[in-house]
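Asks: What follows is a structure written as structure tokens; I'll ask about it next.
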Amino acid sequence: MTTHEKLIQCFSAVLPTIPLEEIPNASIEGTDPWDSVASVTLIFAVEEDFNVEIEPEDLEGLASFEKIYRYLESKGI
């Protein structure tokens with residue numbers, strides 16, 4: 001499974017009302033069920049599923065699927 005596919009599954013588990021085909025375009029600003037609680041839950045899920053520790057100073061920038069995906073790529077995942 002690719003990182004992209006795994007991240008889609010992670011998003012789907014935390015935000016199950018978003019259709020799978022819309023997840024790659026999801027962002028906290030444009031996705032209705034994505035709020036601050038979902039953000040925290042999503043970050044914990046990403047950390048667990050990808051075995052990565054996200055630094056507190058990086059959290060604010062992780063407000064979309066694409067940004068989280070790029071972050072994981074930058075960590076060599």
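Asks: Search region 62-77 for residues being over 10 Å from the mean Cα position of the chain (by Cα) and assigned to a loop (DSSP other than H, G, I, E, B), and hand back the single one that is surrounded by the fewest Cβ atoms within 10 Å (Cβ to Cβ).
Replies: Ranking the candidates gives Gly76 first.
Asks: Filter region 16-51 down to residues that are under 15 Å from Lys6 (Cβ atoms), more than 11 Å from the chain's Cα centre (by Cα), of a type outside the set (A, V, I, L, M, F, W, C) and outside any loop (DSSP other than H, G, I, E, B), then give me how many there are.
Replies: Looking only at that region, the number is 1.
Asks: Taking Ile54 as meeting all but one of (1) under 12 Å from the mean Cα position of the chain (by Cα); (2) within 17 Å of Met1 (Cβ to Cβ); (3) in a loop (DSSP other than H, G, I, E, B), write down the number of the exception.
Replies: (2)
Asks: Continuing with this model, one more query. Would you say Phe44 is among the aromatic types (Phe, Trp, Tyr), under 20 Å from Leu72 (Cα atoms) and touching a helix residue (DSSP H, G or I) at 6+ places or on another chain (Cβ under 8 Å)?
Replies: Spelling it out, it is not the case that Phe44 is among the aromatic types (Phe, Trp, Tyr), under 20 Å from Leu72 (Cα atoms) and touching a helix residue (DSSP H, G or I) at 6+ places or on another chain (Cβ under 8 Å).
We did not get these values from a lab; they are worked out from the coordinates using the rules stated. Since the structure is predicted, the reported quantities are computational estimates derived from the model, not experimental observations. A quick note on method: Cβ atoms are made from the backbone with ideal geometry, for glycine too, and the neighbour counts reach across all protein chains shown.
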